[in-house]
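Visitor: After the C-alpha cells below, expect a handful of questions from me.
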Amino acid sequence: MSPHTKDDIAQLVQEMIDAIVRQELGRAEALWFQLRDLPDVAPSALAIGAFIPILRNEPRDALHFLQTLPDDCCPDLKALCTYLLGDPIWHLEASALAESDDPLMRTAMRHLLETSATV
C-alpha cells in the first residue's frame, strides 16, 4: 500500500471504523497506528481513533490525544471526553456546540445535554 493515496487512506479509515463498530479494539488500534504514521492524513480522520480509548473506558487518554490535534478539530469529542471524566466544563462546551452550524454536532451535543439532565 505504498505510496499511499487518498483512496488508501480512506480505506484504512473505513477499516478502522468497522473494527471500532465491531468492538475489535485491538485491530482498530493497529489500524490507527498505521494511519498515524502516514503523511497528510486529515486530523478529523485521526480523531476517529479517540473512540478506542473511550470504548476502553479511558477518556483521559482519548482527550490527551485529541488535544494534540488542531484546536478546531472535533470539539464534540473533546466535550464527550470531559463529560465522561466528570469535568464540569463539559456542560459549557456542549452548550456552545449545541448551537453549531454542523447539524451532526448540534444533534449530538443536544442529545448529550438531554441525556445528562435525566441522569
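The values are calculated or read from the model by the stated rules, or taken from the named source; none is laboratory data. Please read all numbers here as calculations on a predicted model, not as lab measurements. Virtual Cβ from ideal backbone geometry, glycine too; neighbours counted across all protein chains shown.
Visitor: Confirm whether Ala42 is crowded, with 19+ Cβ neighbours inside 10 Å, of a type in the set (A, V, I, L, M, F, W, C) and under 15 Å from the mean Cα position of the chain (by Cα). Step through it out loud before you land on a result.
Guide: Numbers: crowded, with 19+ Cβ neighbours inside 10 Å: no; of a type in the set (A, V, I, L, M, F, W, C): yes; under 15 Å from the mean Cα position of the chain (by Cα): yes.
Answer is no for this residue.
Visitor: Residue check: is His91 out of contact with any helix residue (DSSP H, G or I) (no Cβ under 8 Å at 6 or more places or on another chain) and either at positive phi or of a type outside the set (Lys, Arg) (or both)? Outline the logic, then answer.
Guide: Working: out of contact with any helix residue (DSSP H, G or I) (no Cβ under 8 Å at 6 or more places or on another chain): no; either at positive phi or of a type outside the set (Lys, Arg) (or both): yes.
Answer is no for this residue.
Residues are listed down the side, and each one gets a yes or a no for (1) closer than 19 Å to Leu104 by Cβ; (2) touching a helix residue (DSSP H, G or I) at 6+ places or on another chain (Cβ under 8 Å); (3) surrounded by 16 or more Cβ atoms within 10 Å (Cβ to Cβ); (4) assigned by TED's automatic domain parsing to the domain that holds Ser100:
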position	(1), (2), (3), (4)
Lys6	no, no, no, no
Ile52	no, yes, yes, no
Glu58	no, no, no, no
Asp61	no, yes, no, no
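Visitor: While we're here: In segment 36-50, which residues are out of contact with any Leu (no Cβ under 8 Å at 6 or more places or on another chain) and closer than 23 Å to Arg22 by Cα?
Guide: Passing the criteria: Ser44, Ile48.
Visitor: When the residues of segment 108-119 are narrowed to those that are small (Gly, Ala, Ser) and modelled with pLDDT under 95, which ends up surrounded by the most Cβ atoms within 10 Å (Cβ to Cβ)?
Guide: Our first condition is that a residue be small (Gly, Ala, Ser); within segment 108-119, this holds for 108, 116-117.
Within this subset, residues satisfying the condition of being modelled with pLDDT under 95 are 116-117.
Working: Ser116: 12, Ala117: 7.
Applying the filter and picking the extreme gives Ser116.
Visitor: Related question: Taking segment 22-50 as the search range and keeping residues that are acidic (Asp, Glu) and outside any helix (DSSP H, G or I), which one is farthest from Pro70 (Cα to Cα)?
Guide: Taking segment 22-50 first, the residues acidic (Asp, Glu) are 24, 29, 37, 40.
Narrowing further to those that are outside any helix (DSSP H, G or I): 24, 37, 40.
On the way: Glu24: 27, Asp37: 17, Asp40: 14 Å.
Residue satisfying both the conditions and the ranking: Glu24.
Okay, residues lined up against (1) under 13 Å from the mean Cα position of the chain (by Cα); (2) surrounded by 18 or more Cβ atoms within 10 Å (Cβ to Cβ); (3) in the same structural domain as Ala45 (by TED's automatic domain parsing); (4) at pLDDT 95 or above:
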{"position": "Leu66", "(1), (2), (3), (4)": "yes, yes, yes, yes"}
{"position": "Leu80", "(1), (2), (3), (4)": "yes, yes, no, yes"}
{"position": "Leu92", "(1), (2), (3), (4)": "no, no, no, yes"}
{"position": "Arg106", "(1), (2), (3), (4)": "no, no, no, yes"}
